[in-house]
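Notes to accompany the following structure.
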Amino acid sequence: METAEPVYEEQEEYQESSPAYPDDDFHSGKIYCANCMHCKLLPLKLEGETDYVLRIRCAAGKWKKRLGQEKMYKYSTITRRYLDTCDAYDEMGNTREFIRDLKKTLPNGDKPFTAAQDQDEE
């Protein structure tokens, strides 16, 4: 008797870390949040450190948690965020090309950055 491998909801994690992003991942007719004018990149300081990570938020307030708090996503996963409909969607260009290029340039994971020190002492 064969045992089936467990199915995990987060199977897309494999695609995120794979070196090649096939164009088949693009869902035609969907609204990709990364291509919206309201999709904003912001640095989020790590607790108790000088390092920060990049997060994405919706300036139109469309990403909410169940308790009403604002939801933010990792920068490296924004190409997988899409909706069927959004009344605040304001497209910035050709979605397919933008998402394809973004997938090629995004980091594979959450990369911490160090805040630059002011160098006015020259």
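Worth pointing out:
- Positive contributions from Lys and Arg (+1) and negative ones from Asp and Glu (-1), summed over other residues with Cβ under 14 Å from the Cβ of Phe113, come out at +1.
- For Leu54, Leu41, Leu102, order by how many other beta-carbon atoms lie within 10 Å, fewest first: Leu41, Leu102, Leu54
- GluC sites (Glu not before Pro) restricted to DSSP loop in the range 18-104 with at most 16 other C-beta within 10 Å: Glu47, Glu49
- Cβ-defined net charge surrounding Gly29, 12 Å radius [Lys, Arg +1; Asp, Glu -1]: +1
- This ranking places Thr77, Thr105 by how few other beta-carbon atoms lie within 10 Å of each, fewest first, which gives Thr105, Thr77.
- Per residue, the Cα convex hull of the range 39-114 amounts to 113 Å³.
- Magnitude of the charge dipole, the range 39-114, Cβ model with Lys/Arg +1 and Asp/Glu -1, debye to 20: 240 debye
- Backbone geometry of the range 70-76 corresponds, through the Karplus equation with coefficients 6.51, -1.76 and 1.60 at θ = phi - 60°, to 3J(HN,Hα) couplings of 5, 9, 10, 10, 5, 4, 6 Hz, x marking Gly and Pro.
- In Hz, Karplus ³J(HN,Hα) per residue of the range 38-45 (6.51, -1.76, 1.60; θ = phi - 60°; x = Gly, Pro): 8, 7, 10, 9, 9, x, 10, 5
- Under Karplus coefficients 6.51, -1.76 and 1.60, residue-wise ³J(HN,Hα) of the range 48-56 in Hz, glycine/proline x: x, 10, 8, 6, 9, 10, 8, 10, 10
- Given Lys62/Lys111; Lys74/Lys111; Lys40/Lys71, the pairs whose alpha carbons are separated by over 20 Å: Lys62/Lys111
Just so you know, all these numbers are worked out from the coordinates, no wet-lab data involved. Keep in mind that what you see is a predicted model, and the values were worked out from it rather than measured. Ideal geometry is used to build each Cβ from the backbone, glycine not excepted, and the neighbour counts take in all protein chains shown.
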